[in-house]
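Report on the structure given below.
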Amino acid sequence: MRKPLVAGNWKMHGLRADIVELVDGLNKADLPDDVEVAVFPPFIHVERVVGALSRSDIKVGAQDCAIQPGQGALTGEVSASQLRDLECKYVLVGHSERRLVLGESDQVICDKFVSAQSAQMIPVLCVGETREQREAGETFEVVREQLGAVIDALGVQSLVSAVVAYEPVWAIGTGLTATPDEAQAVHAEIRALLSGYSKDLAEEIRILYGGSVKATNAAELFGMPDIDGGLVGGASLNADEFSTICRAAGCK
Ligand code: PEP
């Protein structure tokens, strides 16, 4: 039985006052017991958020980590061990904004995946196709390649302690959402791919959907059999809307 996870990616949003207000809203929110909830603040706010969250049922994650797990000479980066020290449980790896805007390669993504795990954090590996790739009928191929890069480099067992997030790039921050059937088809494909390696892994791994998830579409998406919650960007910046989304992932 997979416990759903709803993860709020705050991206590069929030001045201190905004974060205080958001955390205050989360502390008062009506969140379901049968859903794991996590928030991913910008690095500069991680410690503040960990300290201000008065409830232990909300986990904190980081949006990125350095390729090298320990401390060292890598100006501007933040290591997985430093994030773990701040009590982060999860790290986003391979988000499309980092793949496409910041040019992160599969090799870098694998290195960050390893770093996260070596610091006892759980990587949330993001995969997904661009609009052009979808229109060219390449969705499954792209997702298989992105997952395959990690499996080939690190072995399929590396996914035992990981989460996968399917995030079609054309749906991120655009207001466009994959239909529940479109999303389910890709999630089922990912699970089938993993099942070819290990039936237990395929059954146990959580596969989140991300891409303009909102209070109005979350229940339909999360109702699909292979969608185990969501990675939520814009809508996670409002505590009321985010908690509605979290509730939509419960009682499956
Ligand atoms: C994201 O940043 O991972 C995301 C899915 O953003 P949004 O929900 O705003 O589309």
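Restricting the search to helices (runs of 4 or more DSSP H) fully inside the stretch 197-252 and requiring at least 1 residues that are at pLDDT 95 or above and aromatic (Phe, Trp, Tyr) gives 218-222, 239-248.
Which residues, counting only those in the stretch 181-193, are under 18 Å from the mean Cα position of the chain (by Cα) and within 16 Å of the ligand (Cβ to nearest atom)? Scanning the stretch 181-193 gives Ala183, Val186, His187. For Leu22, the conditions (1) touching a residue at least 60 places away in the same chain (Cβ under 8 Å); (2) closer than 26 Å to Val143 by Cβ all hold with the exception of (2). On inspection, Ser236 does not qualify as small (Gly, Ala, Ser) and away from the ligand (no atom under 16 Å from the Cβ). Going by what's in this entry, would Gln107 be described as in a helix (DSSP H, G or I), polar (S, T, N, Q) and touching a strand residue (DSSP E or B) at 6+ places or on another chain (Cβ under 7 Å)? No. The listed residues are Gly210, Gly223, and the only one of them that is within 12 Å of the ligand (Cβ to nearest atom) and either crowded, with 23+ Cβ neighbours inside 10 Å or of a type outside the set (A, V, I, L, M, F, W, C) (or both) turns out to be Gly210. Within the stretch 52-67, the residues that satisfy the criterion of being modelled with pLDDT of 95 or more and in a loop (DSSP other than H, G, I, E, B) are Leu53, Gln63, Asp64, Cys65, Ala66, Ile67.
Among the residues making up the stretch 141-190, those that are among the hydrophobic types (A, V, I, L, M, F, W, C), farther than 19 Å from Arg98 by Cα and surrounded by 15 or more Cβ atoms within 10 Å (Cβ to Cβ) are Ile151, Ala153, Leu154, Val156, Leu159, Ala178, Ala183, Ala185, Val186, Ala188, Ile190.
The values are calculated or read from the model by the stated rules, or taken from the named source; none is laboratory data. From a predicted model like this one, the values you see are computed outputs, not experimental measurements. Note that each Cβ is placed from the backbone with ideal geometry, even for glycine, and that neighbours are counted across all protein chains shown.
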